[in-house]
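Single-structure report; data block below.
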Amino acid sequence: MIPSLKMRHLKERWFKRAGLISLCFALLFLGCVLADIIYKGYPAFFRTEIASNVGYSLFLNPHASYHTEKPWVVASDDVDLYFKSGHKGKLTPKQIQMIKELERQNQIRLSFNTNFFLASDSREPELAGIWGGIIGSFLTLLITFITAFPLGVGTALYLEEFAPRNRLTHWVEANINNLAAVPSILFGLLGLVFFIHFMGLPRPSALVGGLTLGLMSLPVIVVTTRVALSSVQQTLKEAALGLGATHLQVLFHHVIPAALPGIMTGVILSLARALGETAPLLMIGMVAFIATPPSGILDPTTVLPVQIFNWSRSPELGFVENTSGAILILLVMLMLLNCIAVFIRKRFET
Amino acid sequence: MAPKINIKQLNLFYGDKQALFNVSLTLPAFQTTALIGPSGCGKSSFLRCLNRMNDIIPNIHLEGQVLLEGQDIYAPSVDVVALRTRVGMVFQKPNPFPRSIYENVAYGPRIHSLFKTKAQLDNIVENSLIRAGLWGEVKDRLSQPATRLSGGQQQRLCIARAIAVNPEVILMDEPCSALDPIATAKVEELIDELREKFTIVIVTHNLQQAARVSQQTAFFHSGYLVEAGETGALFTMPEDERTQGYITGRYG
């Protein structure tokens, strides 16, 4: 019997246990955050409506135009909040009495809040929706993809396959690696100076936002693409070279197809990061309140995370559930992007 | 036999480190030349000089001449792509492309446009697989991924892929080192058959293999070509005592 053997096994068991404990902690925190967001956010997908023939105009939102033929109309945020959670807010006892009366007569109800998905931002929580943010995010991400994907992959291809190995390229490589770790707000500053002040592009537009996020994604795409390219087996390249393929043919027939899952995963994950990015967009003025969805890349635009940021700062209590609801939608979008990345990796990996 | 490749005073440097010293060797046409020697002796480096596979390594520097039918393959006028269609290569580890069996063999003819019709390409693929002794085993599953074949089959597929572009010389870098004895025997048999049409150069660590498949053997040691000659003579009556030591197993 080796004397230290028992101790060595014991150490291994403890190491495993420590890992398990940290995993449990991570899951616990994740669970708490998700539970909190879902608990706070799911009421945002429902809204309180009052039968229009009741005529308690004080409960109706004064800014919305109501048609009398509509049987149900949207209740104001205070009523909505009280009806959902019992929070009294600014309601007087008499008003609360009225709501209870309505409830008894089935003149007040909760229904699915289509408005939350189809409307754009508003000063009124019960009328605000995320459609503008979603369209803005989509356009911005599209610009990011169009700029960062070809530039990033092209840069990585050149650096990995064609660039001479000298001091200059080493210096460039080191800086790209550093840029991938630079705080995103600095890219916002760069976007502000270059795209807005220097190039004079319109301020809170999807074009400027997308270009700025493209700048931010570029180093990450370069780094992940290079890793994917360099992990392609040398023997595969040699096989093609040995048959008399040119360097370009080796690249396009063998190296890029083999590296594609890795490249696409990197690109999609950096797009997912860009989708959730807020700070650089605040820097370039996308923080403005925009109540209509953009119809082009030059229109004033807001994106989902910025909208969430704006709502979270809003003093009105009704925006609390809207904030969490929008976060839920953003999380679902991010999860979808990640699922696409996983799918692509599994699909192309043979 | 007429010389196919003539190597004159070849010196090879990786950066400052010299890997080959004044190597001169003649490779006769339609014969198999075996390159033997201990690991790191430069035999693989030498092999890779013959189709300029070393070109892809940075900081490499080469002096001397490699004459393929009298023409220096390192002359500026030589196109390395054209050279590699004349001097094919089979590697140590079977390295089929992650494509179908058919596409593996068809790849070379495709990139060099060696056919006009699909029927011609089918013909090239079939003939190459027949010559590589693989046709019978794969003819019913040409569209299957090549990576599903066994190691020995993959290596014969790589040989079929190399001969599909109809080279004059085939370089083999330890082609059997990753194969089991049965697959090795098949590849060795194949090498013997291929000698009718091609000039073959094979690097091997297996001395019996060198004795079995080659007509000429060259012994490398520390970057020097110590001795080269007719295989039977070299194995029975080596002139140099280093050769003697290596083939009798005293070091290696």
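The values are calculated or read from the model by the stated rules, or taken from the named source; none is laboratory data. Model, not experiment: these values are computed from the prediction. Note that we place each Cβ from the backbone using ideal geometry, even for glycine, and neighbour counts take in every protein chain shown.
For region B:96-111, how many residues meet the condition of being crowded, with 21+ Cβ neighbours inside 10 Å, at the interface with another protein chain (Cβ under 10 Å from one of its Cβ atoms) and over 11 Å from residue A:243 (Cβ atoms)?
Going through region B:96-111 one residue at a time, the tally reaches 1.
State whether the residues of region B:230-241 include one that is assigned to a loop (DSSP other than H, G, I, E, B) and aromatic (Phe, Trp, Tyr).
No, that holds for no residue.
Restricting the search to region A:293-350, which residues are within 11 Å of the chain's Cα centre (by Cα) and among the small types (Gly, Ala, Ser)?
Residue satisfying the conditions is A:326 alone.
Going by the structure shown, is residue A:193 touching a residue at least 12 places away in the same chain (Cβ under 8 Å) and either assigned by TED's automatic domain parsing to the domain that holds residue A:275 or not in a helix (DSSP H, G or I) (or both)?
No: the conditions fail for residue A:193.
Within region B:64-86, which residues are within 9 Å of another protein chain (Cβ to nearest Cβ) and of a type in the set (Val, Ile, Thr)?
Passing the criteria: B:80, B:81, B:85.
With respect to residue B:170, determine if the residue is more than 11 Å from chain A (Cβ to nearest Cβ), in contact (Cβ under 8 Å) with a residue 12 or more places away in the chain, aliphatic (A, V, I, L, M) and touching a strand residue (DSSP E or B) at 6+ places or on another chain (Cβ under 9 Å).
Spelling it out, it is not the case that residue B:170 is more than 11 Å from chain A (Cβ to nearest Cβ), in contact (Cβ under 8 Å) with a residue 12 or more places away in the chain, aliphatic (A, V, I, L, M) and touching a strand residue (DSSP E or B) at 6+ places or on another chain (Cβ under 9 Å).
Please give the number of the condition residue B:74 fails out of (1) within 22 Å of residue B:26 (Cα to Cα); (2) not in a loop (DSSP other than H, G, I, E, B).
That leaves (2) as the condition not met.
Among what's in region A:72-104 and is of a type in the set (Gly, Ala, Ser) and part of a loop (DSSP other than H, G, I, E, B), pick the residue that is farthest from residue A:125 (Cα to Cα).
A:86
Going by what's in this entry, would residue A:243 be described as farther than 23 Å from residue A:294 by Cβ and buried (at least 22 other Cβ atoms within 10 Å of the Cβ)?
So residue A:243 passes the test.
Residues being in a helix (DSSP H, G or I) and farther than 20 Å from residue B:92 by Cβ: count how many of those fall in region B:193-210.
Here the count works out to 1.
Could you run through region B:211-229 and say how many residues are farther than 21 Å from residue B:4 by Cα and assigned to a loop (DSSP other than H, G, I, E, B)?
Qualifying residue count, region B:211-229: 2.
Filter region B:153-167 down to the residues that are more than 10 Å from every other protein chain (Cβ to nearest Cβ) and part of a loop (DSSP other than H, G, I, E, B) and list them by number.
B:166 - this is the single residue of region B:153-167 that is more than 10 Å from every other protein chain (Cβ to nearest Cβ) and part of a loop (DSSP other than H, G, I, E, B).
Return only the number of the condition from (1) more than 18 Å from the chain's Cα centre (by Cα); (2) within 21 Å of residue B:195 (Cα to Cα) that residue B:65 does not satisfy.
Exception for residue B:65: condition (2).
Would you be able to tell me the number of residues in region B:128-152 that are in contact (Cβ under 8 Å) with a residue 24 or more places away in the chain, in a helix (DSSP H, G or I) and either more than 14 Å from every other protein chain (Cβ to nearest Cβ) or within 21 Å of residue A:237 (Cα to Cα) (or both)?
Of the residues in region B:128-152, 7 are in contact (Cβ under 8 Å) with a residue 24 or more places away in the chain, in a helix (DSSP H, G or I) and either more than 14 Å from every other protein chain (Cβ to nearest Cβ) or within 21 Å of residue A:237 (Cα to Cα) (or both).
Considering each residue of region B:112-127, count those that are in contact (Cβ under 8 Å) with a residue 12 or more places away in the chain, of a type in the set (A, V, I, L, M) and either exposed (fewer than 14 other Cβ atoms within 10 Å of the Cβ) or within 18 Å of residue A:239 (Cα to Cα) (or both), and give that number.
Number of matching residues: 1.
Name the one entry in A:213, A:179 that is assigned by TED's automatic domain parsing to the domain that holds residue A:278 and touching an Asp or Glu at 6+ places or on another chain (Cβ under 9 Å).
Only one candidate qualifies: A:213.
What number of residues in region B:4-59 are within 14 Å of another protein chain (Cβ to nearest Cβ), among the basic types (Lys, Arg) and free of Cβ contacts under 8 Å to residues at least 40 places away in the same chain?
1
Can you tell me which residue is farthest from the other protein chains (Cβ to nearest Cβ) among those in region A:161-181 that are free of Cβ contacts under 8 Å to residues at least 24 places away in the same chain and in a loop (DSSP other than H, G, I, E, B)?
So, considering only residues that are free of Cβ contacts under 8 Å to residues at least 24 places away in the same chain and in a loop (DSSP other than H, G, I, E, B), the one farthest from the other protein chains (Cβ to nearest Cβ) is A:181.
Among the listed residues B:68, B:10, B:62, which satisfies the condition of being under 25 Å from residue B:213 (Cα atoms) and out of contact with any His (no Cβ under 8 Å at 6 or more places or on another chain)?
Of B:68, B:10, B:62, the one residue that is under 25 Å from residue B:213 (Cα atoms) and out of contact with any His (no Cβ under 8 Å at 6 or more places or on another chain) is B:68.
Which one of these is within 27 Å of residue A:274 (Cβ to Cβ) and either more than 14 Å from every other protein chain (Cβ to nearest Cβ) or touching a strand residue (DSSP E or B) at 6+ places or on another chain (Cβ under 9 Å) (or both): A:112, A:117, A:83?
Step by step, each of A:112, A:117, A:83 is checked, and only A:117 is within 27 Å of residue A:274 (Cβ to Cβ) and either more than 14 Å from every other protein chain (Cβ to nearest Cβ) or touching a strand residue (DSSP E or B) at 6+ places or on another chain (Cβ under 9 Å) (or both).
Any idea which residue in region B:33-49 is nearest to residue B:2 (Cα to Cα), counting only those that are of a type outside the set (Ser, Thr, Tyr) and surrounded by fewer than 22 Cβ atoms within 10 Å (Cβ to Cβ)?
B:47
When the residues of region A:43-71 are filtered to those that are modelled with pLDDT of 80 or more and not in a helix (DSSP H, G or I), which remaining residue is farthest from the chain's Cα centre (by Cα)?
A:50
Check region A:249-270 and report whether any residue there is surrounded by fewer than 20 Cβ atoms within 10 Å (Cβ to Cβ), modelled with pLDDT of 90 or more and farther than 24 Å from residue A:147 by Cα.
Yes, the conditions are met somewhere in region A:249-270.
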